[in-house]
Amino acid sequence: MPQLTRIDTDAAPGALGPYSQAVSCDGWVFASGQIAIDPATESLIDGDVSAQTDRVLRNLAAVLDAAGASLRTVVKTTVFLSDMANFSAMNEVYARHFGDHRPARATVAVAGLPKGVDVEIEAVARAGGGNEWNGGG
């Protein structure tokens, strides 16, 4: 049976419920959705969807780092938006964080997100060295 490892770091907000920030298994990291909570204060940040997306991706990067992965080893993300009108603003910040790395992605509009935020992002990544994006086609 595969070994499941719970990932927990103070560099990202604690879970809001009975779940882990991430779980790793056989070199894969499954990161729970992150929202725009400042890990230092455990409070929502002020700001529009751009500011929220930046905080979300910094939180996600901290969780991945604790698991031995990074944004550069992300294979798939799912982006949840409160309104598809926020797609362009979210996408601009997302592109800055991922650079030339282009993981697979789904983006969906939802009726509501925890604490009334505008964006939540979850990810699947590979842990360990040698798995970074090579940009090839």
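Where a number appears in this text, it was derived from the coordinates with a stated rule and is not lab data. No experiment lies behind these values; they were computed from the predicted model shown. Here the Cβ is made from the backbone with ideal geometry for all residues, glycine too, and neighbour counts use every protein chain on show.
In the chain, the DSSP-assigned H stretches of four residues or longer account for a calculated mean residue ellipticity at 222 nm of -7000 deg cm²/dmol, using -39500 (n - 2.57) per stretch and the full residue count as denominator. Here, P(r) means the percent of Cα pairs in each 5 Å bin from 0 to the largest distance; for the chain it is 2, 11, 21, 24, 20, 14, 6, 2, 0. Using a cutoff of 8 angstrom between alpha carbon atoms and counting only pairs six or more residues apart, the relative contact order for the chain works out to 30 percent.
With N the number of residues in the stretch 60-103, Rg(Cα) / (2.2 N^0.38 Å) evaluates to 1.25. The calculated FRET efficiency for the pair GLU92 and GLU42, based on their C-beta separation and a Förster distance of 22 Å, comes to about 0.20. Distance between the modelled labels on ASP8 and ASP65, one decimal in nanometres: 2.0 nm (7 Å Cα→Cβ projection).
Between the stretch 11-30 and the stretch 86-115, the alpha-carbon centres lie 19 Å apart.
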